[in-house]
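The values are calculated or read from the model by the stated rules, or taken from the named source; none is laboratory data. Since we're looking at a predicted model, the values are computed, not measured. We place every Cβ from the backbone using ideal geometry, glycine too, and count neighbours over all the protein chains shown. The protein model used for the area step is the full one, side chains on, heavy atoms only, and it has no ligands, DNA or RNA in it. Shrake-Rupley method; radii C 1.70, N 1.55, O 1.52, S 1.80 Å.
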Amino acid sequence: MLSFANRVLSRHSGRRLLSSVTQEIESIASRRVLNEKIRNLAIVAHVDHGKTTLVDKLLQASIDPTTVPSEQQGEGERLMDSGDLEKERGITITSKPTRCLFEDHVVNIVDTPGHADFAGEVDRILSMVDGVCLVVDGGEGVMSQTKYVVERAIEAGLKPIVLLNKLDREGGLAMVESGEVESELFDLFCSLGASDEQLEYPTYYASAKGGWVTSDLSEAVDIVKGAKPGADVGMDNLLKGFLEHIGPPTGPALINDNEPFSMAATMVGFDQFLGRTVTGKVSSGSAKIADRSMFLPRDLELVNPDKKLLLPQAISGVFIYEGVTRTPLESGIADKGDIVTLTGVPDGIKVGDTVTLESNPVADAIMTPPLAPPTLSMDFGANDGPLAGKEGTIVQASRIRARLQGEVDNNVTLSIGASEESTDKSIVFARGELQLGILIEQMRREGYEMTISPPKIVFSEDEQGNVMEPFEEVTVDVDSEYSGAVMNMLTGDRKALMMEMREDDGKVRMKFEMPTRALLGFGPEAATTTRGSAVVNHTFTEMRDHIGPLGEGLEKGKLVSNETGKSTSYALNMIGERGELFIAPGDEVYAGMVIGENSRSGDLEVNPIRSKGLTNVRTVLKEEKASFSAVRRLSVEDLISYMNDDEVIEVTPKSVRLRKKVLDSGERARAQKVKKQQRDAMKK
Ligand SMILES: Nc1nc2c(ncn2[C@@H]2O[C@H](COP(=O)(O)OP(=O)(O)OP(=O)(O)O)[C@@H](O)[C@H]2O)c(=O)[nH]1
Ligand SMILES: [Mg+2]
């Protein structure tokens, strides 16, 4: 295998590289990195504030410009969003570490997701870093997830650096120039109890997209107003800031050379050639290839450790990430303070367990911080509808369960249990609709076919036995003309309390507090009502007393098929007058399947396969081909937040359908009656 420096040179073939740079890369890559020369930090922010774009530019500014391998460079856009769903949706879903080499230092940078549903991905990596670079979109200022990540970083005692981003945009510069964003941020740090040291955070001004950053606001203003960015506003400004303000990894074990090797598993993966992989920060000591590794389970005291799990294995590789490519570390040694990936580790290892060495093990597992509790759960089971087994390749309940177990082993922000509904189903606990939607979408693509029951909110009990439910802080930014509509939607049936309202330049920002269950379905509804102008953000705040039933207006009436077969355009044209359709002519339907939304309350049974009299076959065929533009196709996430209590989602690699849990209409009517009686009794 080519050495790191040789690979750099070979990628530069035809170009002359300064020999000093070559030597620098050679020396950093091949020798062991001292703890003082390491910086570990996470890029954190609210969703879309520009974290992944910033990591692109930092990688390009690293002393090894080829850290991003040429085959991955493409348009050079958001390299770290390497998962298929991440690319498709343009959002980060999982946290990922990558390595920059800069001024004879190693800077390990972890890109994190900004969406609240993936907040657990931020929580889990904070124990791996010593500082955070908080990115804030200058035009948006402090948002719900900004608060969340600052709170977690302060709690974890990390050193912050603030980067006000997207200043190339007009609104961004204006708000930053007025000092509004900076004072809002400072107040946030103070109110969350930042230490004096944390309050001394440096502030940088940037356009990650434009590739410039400076600590001088007036310089930023000049650039935005047309001055050509000079060589001194490159991304190396920020890398220098990391070296200066975020110190090397600290802690007694990192100073003492004789400590045994230990590393908490922050990410666990599987490679078909290398087997189990474990990524984390080395908390103490060092380990090299061929050393025999073993692990201590995170809940060592709670479980009676299975001896098999502890079977030591010889470490077969020590890797780091260049861009998103796993690359062997030249030294073959995992050193204290560094973020590395090991292979040749026991197979049963899970996230949160501690890797150590058989020859000199640490006595206790490393304590990793607890994660915020899940707020939502759904039951996953085998498809039991009339079309079962036609489109999927993996259909058995046991295989669905095994797949979910595999997911949970690596993704600590999810958990599974036995369903109360049926022993054949597994219950998955998560932080939000998007997180569940992404998991279902991933499984669908792998060939799974399953049914998923409606989301349930995770309730708890206080010491007196009162039921508690999760509450969220919800921020809605919307064009002024729709602010009344949004307010009505939230404070009516959804029982939200408005906490704050600000109007600025035709835009209104409103803040509400409401139960998580009342938020279900609000996103898509707000988008329709406000013609897409509403941006909704929410963050879990705390468990509070249950506030009783929500308004009945939230339950939408559905158009339900009472026949099985292929839908016709003749029938759908008629049914379309009763509401909005989810299916197009020619789609397969069955009795009990939901094919649209009723424009009135309550469900309506319809026959979508009806055709004109048999004598008129030619007309029927012609009509079947008629284009049908009025179909609303709902994605898995849309359906999760939209479905009623008596429905299930059926997903296969080819289709996503909504159906009634009970397919027989008579049986369903009886169940409805019982439900109504129960609801009336509750009201009394
Ligand atoms: N105008 C402008 N756009 C930017 C800048 N930085 C990022 N963007 C754009 O903002 C959008 C979001 O960028 P990302 O880098 O994916 O944001 P993110 O914070 O990683 O998003 P999540 O990981 O999903 O939370 C993209 O369209 C970027 O091109 C900037 O400095 N100026
Ligand atoms: Mg991102």
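Numbers below:
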quantity	calculated
Dipole of region 146-302, positive direction: furthest Cα of Leu192, Ala208, Gly241, with charges on the beta-carbon	Ala208
DSSP-defined beta bridges in region 105-246 - what % are antiparallel, rounded to 5	25 percent
Separation of alpha-carbon centers, region 547-568 and region 169-225, rounded to whole Å	49 Å
Gyration tensor (alpha-carbon) shape descriptor, region 183-258, a/c threshold 1.5	oblate
Sequence-distant residues sharing a close amide H with Ser286 (under 5 Å, placed H)	Phe261
Restricting region 425-456 to GluC sites (Glu not before Pro) in coil, as DSSP defines it, with at most 15 other Cβ within 10 Å	Glu446
In degrees, nearest ten, helix 433-445 long axis to first principal axis of the chain (Cα)	90 degrees
Shape of region 340-425, Cα gyration tensor, a/c cut at 1.5	prolate
Crossing angle, helix 51-61 versus the chain [Cα axis fit, 0-90 degrees, rounded to tens]	30 degrees
Principal-axis tilt of helix 19-30 within the chain, Cα atoms, nearest 10 degrees	70 degrees
Å² per residue, accessible surface of the chain at 1.4 Å	45 Å²
Helix-derived mean residue ellipticity, 222 nm - over the chain, DSSP H n ≥ 4, -39500 (n - 2.57), to 500	-8000 deg cm²/dmol
Electrostatic dipole magnitude of region 197-245 [Cβ: Lys, Arg +1; Asp, Glu -1; Cα centre; debye, to 20]	340 debye
Cross-link partners of Lys556 among lysines (Cα-Cα below 18 Å; sequence separation of 8 or more within a chain)	Lys456, Lys495, Lys660, Lys661, Lys673, Lys675, Lys676
Loop-resident sites, region 317-373, for GluC sites (Glu not before Pro), counting at most 15 other Cβ within 10 Å (DSSP)	Glu358
Long pairs among Lys166/Lys336; Lys166/Lys511; Lys87/Lys336; Lys51/Lys228, criterion Cα-Cα beyond 27 Å	Lys166/Lys336; Lys87/Lys336
Theoretical FRET efficiency, 1/(1+(r/R0)^6), r = Cβ-Cβ of Glu542 and Ala227, R0 51 Å, to 0.05	0.60
Cα-based Rg and Dmax for region 456-518, where Dmax is the largest Cα-Cα distance (Å)	14.5, 48
The chain pair-distance distribution - Cα-Cα, 10 Å bins, rounded %	3, 13, 22, 24, 19, 12, 6, 1, 0, 0
Selected from Met487, Gly465, Met450, residue furthest toward positive end of dipole (region 434-503; charges at beta carbon)	Met450
Antiparallel %, DSSP beta bridges [both residues in the chain], to 5	80 percent
Proximal aspartates and glutamates to Lys37, defined as alpha-carbon separation beneath 12 angstrom and excluding residues fewer than eight positions away on the same chain	Glu103, Asp104, Glu244, Asp335, Asp338
Debye, to nearest 20: dipole size of the chain, +1 on Lys, Arg Cβ, -1 on Asp, Glu Cβ	2560 debye
Portion, in percent, of the accessible area of region 531-619 that falls on carbon or sulfur, probe 1.4 Å	46 percent
Calculated P(r) tail over 19 Å for region 393-516, as whole % of Cα pairs	63 percent
Charge dipole of the chain about the Cα centre (unit charges at C-beta), most positive-ward option of Asn607, Gly226, Leu41	Asn607
Lysines with Cα under 17 Å of Lys566, excluding same-chain neighbours fewer than 8 positions away	Lys390, Lys612, Lys622, Lys625, Lys654
Antiparallel DSSP beta bridges within region 381-509, as percent of all bridges there, nearest 5	95 percent
